[in-house]
1. Considering only chain B, what is the antiparallel percent among its DSSP beta bridges, to the nearest 5?
2. Ordered by residue, what ³J(HN,Hα) values in Hz, to whole numbers, does segment A:38-46 give under the Karplus form 6.51 cos²θ - 1.76 cosθ + 1.60, where θ = phi - 60° and Gly and Pro are x?
3. Give a residue-ordered list of calculated ³J(HN,Hα) values for segment B:104-112 (Karplus: 6.51 cos²θ - 1.76 cosθ + 1.60, θ = phi - 60°; whole Hz; x for Gly, Pro).
4. In debye to the nearest 20, how big a dipole does chain B give about its Cα centre with +1 on each Lys and Arg Cβ and -1 on each Asp and Glu Cβ?
5. Roughly how large is the B-A contact in terms of buried accessible area, totalled over both chains, probe 1.4 Å, nearest 100 Å²?
6. Please give the net charge around B:ALA36, taking every other residue with its beta carbon less than 12 angstrom from that of B:ALA36, where Lys and Arg add +1 and Asp and Glu add -1.
7. Distance between Cα centroids, segment B:177-229 to segment A:45-73: provide it in whole Å.
8. Amide H neighbours of B:GLN127 under 5 Å, at least 5 residues apart or on other chains, H built in the peptide plane: list them.
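The values are calculated or read from the model by the stated rules, or taken from the named source; none is laboratory data. Model, not experiment: these values are computed from the prediction. Here Cβ is always computed from backbone atoms with ideal geometry, including for glycine, and neighbour counts include all displayed protein chains. Accessible surface areas use protein heavy atoms only, side chains included; no ligands, DNA or RNA. Shrake-Rupley method; radii C 1.70, N 1.55, O 1.52, S 1.80 Å.
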Amino acid sequence: MSKKRGTARRDRGALENEVLAALASGPMTPREVRRHLGEELAYTTVMTTLARLHEKGAATRESAGRTFTYQLADGASVQARTMRRALDAGLDREQVLARFLDELGPDDVPVLRRLLRQAKGR
Amino acid sequence: MAVAVYVPLLAALLLGLGAAPLSRLVPPATAARALAASSVLVAAATSFVLGVLAFTLLGKLPPVAALGSWSVASLSAADPVPQLVGGAACAAVLVLGARGLRAAVSRYRALAAVRALCLSLGGEPGQLVVVDDDADDVYVLPGARGRIIASRSLLVALPADERGALLAHEAAHLRHHHHRYRAATEFAAALNPLLRPAVAAVRFATERWADEDAAQATGDRTVVATAIARAGLRRRDTRAITAGWRALVLEAADSAVVARVRALLAPPVRRRPAALLLLGALLVVTVSSAVEAQRDAEDLFEQSRPAVATAPATTAQR
């Protein structure tokens, strides 16, 4: 039971992050966010997630006719300069950060292109 | 003692050699856990036997012998450890101990810096922070208040399903505390450089672990594979343009990205109990050898004590 609830909460966090990631493209109405997420989610789910992000201060909104336009708040986005300065101050970047990607070697690029074509062909 | 004391060193060598194959052969979550735990155990055992070896030399110094009330002459006669080895062990204990301390301190500092950064960012733990940057990048700031950081350019470039896969991958790093496995292995490798290959192996295993977690969350391993491949290629493209600070980052000879994509396009890795049993056996032998070496050393020092020194103990017993 408690495990199940844990999963539900995690899914909610994942959903919020996906909505934030969609808003990275710019200010959007809930309908546009839904289109950005691949239209798999119910409109109301997108609406409530956006409302929750607004409550948390992760997104700001402006009234646009009968709906709202949402965009990333200062708390959810940061300037590249600020981030670099923070990371360069006393941080062994490679040691601490779990990066999604390693650096690619020159030989990796053609291999990766081929694998990508192969995967998309499935 | 002549043999047992060297067994943990041999075990460290074997673990170092076997780490990379193991990280690819068994399911990644198992590999990461097993490799990190084994590295720490083997590093502890080798540090311990180095200490024992060093002490057999130190014990022959007159002040130390006087303190322990054993005879330098009879100790020297009975000691199977050549003096050169004892000396090397003393040096190793000093150097490796300093390395371990430095690794622990720098890790602690880095985590404190990350924590401060997470606090200054505001928002909730686990929440995505979008960096307004043209250089494609995505990573996590680890810890209890950890965050997922992604550059705007990368998020905009990826299709929705791949963006979801990427976020699920990063969330898995945070949820499973992958930085702890990495930190533990790095600490072990600082104490015993023979374990160095385990660091890259655990790093790879945690990446694969997060990949498989993301595959489970999105229900599609191919999507995770394409997300990694596309993001990898994009990151290389932008890197060529905006070299700058990124040029300082070390270029890895053999990137793990291709291996990860291949692994996701292939069927999931089977469990291999035999490989784990072999690792378990190695650990049992290592630990029992360390214990054996300690017992032998104790006996050695006991035997080198004059009979007078042990007399009061006998009277007390009566």
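1. Values: 4 of 8 bridges.
Of the beta bridges lying entirely in chain B, close to 50 percent run antiparallel.
2. Working through the residues one at a time gives x, 6, 7, 8, 5, 4, 5, 4, 4 Hz.
3. For segment B:104-112, the Karplus-derived couplings read 5, 5, 5, 5, 4, 4, 4, 5, 5 Hz, x marking Gly and Pro.
4. Details: 33 positive and 24 negative charges, 37 e Å.
Approximately 180 debye in magnitude.
5. Working: alone 17120 and 9970 Å², together 21440 Å².
The contact between A and B buries close to 5700 Å².
6. Working: positive: B:ARG33, B:ARG180, B:ARG182, B:ARG203; negative: B:GLU186.
Net of charged neighbours comes to +3.
7. The two parts, judged by their Cα centres, are 36 Å apart.
8. B:ILE148
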